[in-house]
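Novice: Encoded as structure tokens, here's the structure I'll be asking about.
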Amino acid sequence: MRCCCSLSPAYYFSKEILSSTPTPHSSDYTVNEEDYLTPNVSHDVRQRGAYGLRGYPKFANSYLAEVLVLIRRNFTNIRRTPELFLSRQMVLTVMGFMMATMFLKPKDTPQGVANRLSFFIFTVCLFFFSSNDAVPAFIQERFIFVRETSYNAYRASSYTIAGLVTYLPFLLLQAATYAGIVWYALRLHGEFSYFLIMLYTSLLATNSFVVFISSVVPNFILGYAAVIAFTALFFLFCGYFLSSSSIPEGWKWMNIISTMKYPYEGLLMNEFVRDRIYYVSTINNQNVSVTGADILQQMSINREESAKWRMVVYLLGWAVLYRILFYLVLRFASKNQRS
């Protein structure tokens with residue numbers, strides 16, 4: 001006869017857990033936030049966690065320490081799940097070789113100019129659509145964030161800054177990989193440094209936009225739908241199908257908020273150097289040299305040298321704005337958050 005006292009307390013504890021563990025269903029694609037809410041604690045404990053004891057700081061760690069710890073955790077997550085980085089890296093690398101072979105050494109002819117335009121608009125679309133893989137990132141971490149910040153483990157701003165800093169070197173590597181492949185194969189004109197900076201800023205802006213969208217949608221299915229819909233609208237109003245001056249007055253605001261407009265026009269300004277002759281056109285039995293300034297004028301794009309750097313500043317401003325909106329959602333719209 002087995003003595004009941006020989007059973008360890010863990011037996012009853014594990015038995016109780018197993019009997020109360022829910023069975024997953026197909027509806028689990030929409031995560032139930034109630035499963036992740038912080039357990040109910042006494043009013044005194046909540047008050048101490050939210051406002052701090054007299055003479056003690058509200059947060060256990062300094063702001064810098066919080067950021068460093070979160071950055072280290074983010075790098076650990078990337079090392080454990082390298083597909084978060086390698087998926088986009090592989091896409092940009094493969095597409096870079098494909099673009100380099102398709103548009104290899106475009107000629108200085110009307111068709112060569114058209115090939116350059118096709119290359120630049122596809123590059124902009126590629127960089128924006130390839131960032132959709134960031135949609136599930138925060139959605140999967142949302143309830144961990146809610147649970148940890150409910151006890152003031154760290155600040156929402158620390159989480160925002162750490163997420164941004166973590167991805168900066170990876171985005172730079174991805175932009176540099178694509179830029180290095182296509183720049184020399186296509187013999188692009190202008191400044192390589194500007195080409196790289198614009199691609200890098202494009203990745204930063206679209207990553208910030210996708211992260212912001214993922215913070216306001218309940219699941220990644222709606223997140224993908226929202227990101228694709230907005231990206232399609234940005235593509236429509238970027239100035240490729242209709243120049244900025246040809247867009248109806250009622251839709252010009254879409255041209256302004258389209259984050260594709262700035263890299264597209266900036267890359268064209270950098271490519272079509274002002275005094276360079278691209279081809280000779282015959283008008284009224286006379287040969288007319290067509291320069292880069294003429295091409296930009298036909299597309300209603302600013303021809304000033306400083307205008308292309310303003311495009312970088314505008315795009316960077318949108319990236320900062322999306323990060324600020326992301327922080328505001330974390331700070332004021334996250335459930336069960338008291339920090």
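Read-outs throughout are calculated quantities, based only on the coordinates presented, and are distinct from any laboratory measurement. Predicted model only: the values in this text are computed from it and were never measured. Cβ sites come from the backbone with ideal geometry, for glycine too, and all protein chains shown count toward neighbours.
Novice: Amide H neighbours of T291 under 5 Å, at least 5 residues apart or on other chains, H built in the peptide plane: list them.
Specialist: Amide H neighbours of T291: Y278.
Novice: How many angstrom separate the Cα center of segment 154-189 from the Cα center of segment 269-283?
Specialist: 31 Å
Novice: Using alpha-carbon positions, what is the distance between the centroids of segment 81-120 and segment 217-232, in Å?
Specialist: Using only Cα atoms to place each centre, the spacing works out to 26 Å.
Novice: Could I ask something else about it? Kindly provide the Kirkwood hydrodynamic radius of segment 167-314 in Å, to one decimal, from all pairs of distinct alpha carbon atoms.
Specialist: With all distinct Cα pairs of segment 167-314 included, I get 17.2 Å.
Novice: While we're on this one: Can you order the peptides 285-291, 179-185 by their average number of other Cβ atoms within 10 Å per residue, highest first?
Specialist: With the highest mean Cβ count within 10 Å placed first, the list reads 179-185, 285-291.
Novice: When a/c is below 1.5 the answer is rounded, else prolate if a/b is larger than b/c, else oblate, so apply that to segment 171-253 with a ≥ b ≥ c taken from the square roots of the Cα gyration tensor eigenvalues.
Specialist: oblate
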